[in-house]
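See structure below.
Just so it is clear, none of the values below were taken in a lab; they were calculated from the coordinates. Everything numeric here is computed off the predicted structure, so don't read it as measured data. Quick reminder, even Gly has a Cβ in these numbers, built from the backbone with ideal geometry, and neighbours come from all protein chains shown.
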């Protein structure tokens, strides 16, 4: 369960990193370029990763016996709000017929997305000591 949360956080962070590069390209649309085709893929992955993320985190607290549980649950309530707000923005961008660099730059600047990323960086850092031994064991 913790590895799933870690992977979801990574997907959103990768999307954000891609969007930073995409925004810098000055493209008027996502049509006709390789990165234009990729921007929708990254955004769809982020939507998938964010959908149900806070619920997965709450389950992990119970299943993994994370303590102090009330502190984790309080943060995950914040994560839920920030994820919902960010999902609304991302899904609106995806609904547009053309996704240009300026639109993505505005999405990147969204306070909602920045709050979400800060939440995810915090969650990733907290989970890192618990997830990394598992990831190393699975690849070694």
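Counting only alpha carbon atoms, the long axis of helix 111-139 and the longest principal axis of the chain meet at about 60°. Using only Cα atoms, tell me the angle between helix 53-64 and the longest principal axis of the chain; keep it within 0 to 90° and round to the nearest 10. In the chain, helix 53-64 runs at an angle near 20 degrees to the longest axis.
Is region 1-70 rounded, prolate or oblate when judged by the Cα gyration tensor, a ≥ b ≥ c being the square roots of its eigenvalues, rounded requiring a/c under 1.5 and prolate requiring a/b larger than b/c?
Values: a/c = 4.25, a/b = 3.32, b/c = 1.28.
The shape class here is prolate.
The angle separating the long axis of helix 69-94 from the principal Cα axis of greatest extent in the chain is about 20 degrees.
For n ≥ 4 DSSP H runs only, could you compute -39500 (n - 2.57) per run for the chain, divide by its residues and tell me the 222 nm figure to the nearest 500? Please list the in-between numbers first.
Working: 6 runs with 115 residues, N = 140.
Helices in the chain give a 222 nm mean residue ellipticity of -28000 deg cm²/dmol.
Compared with the direct C-alpha span, the chain from residue 85 to residue 7 gains 26.0 nm at full extension, assuming 0.36 nm per residue. Can you grab the distance from the C-alpha centre of region 1-42 to the C-alpha centre of region 84-107, Å, no decimals? Computed from Cα coordinates, the inter-centre distance equals 12 Å.
Label sites at residue 67 and residue 29, each approximated as a point 7 angstrom past Cα along Cα to Cβ, lie 5.9 nm apart. State the label only: which of (i) 29.2, 95; (ii) 16.1, 51; (iii) 15.5, 59 corresponds to Rg and Dmax of the Cα atoms in Å computed from the shown model? Matching the structure shown: (ii).
Ranked by the mean number of other Cβ atoms within 10 Å of their residues, highest first, the peptides 66-73, 111-118 come out as 111-118, 66-73.
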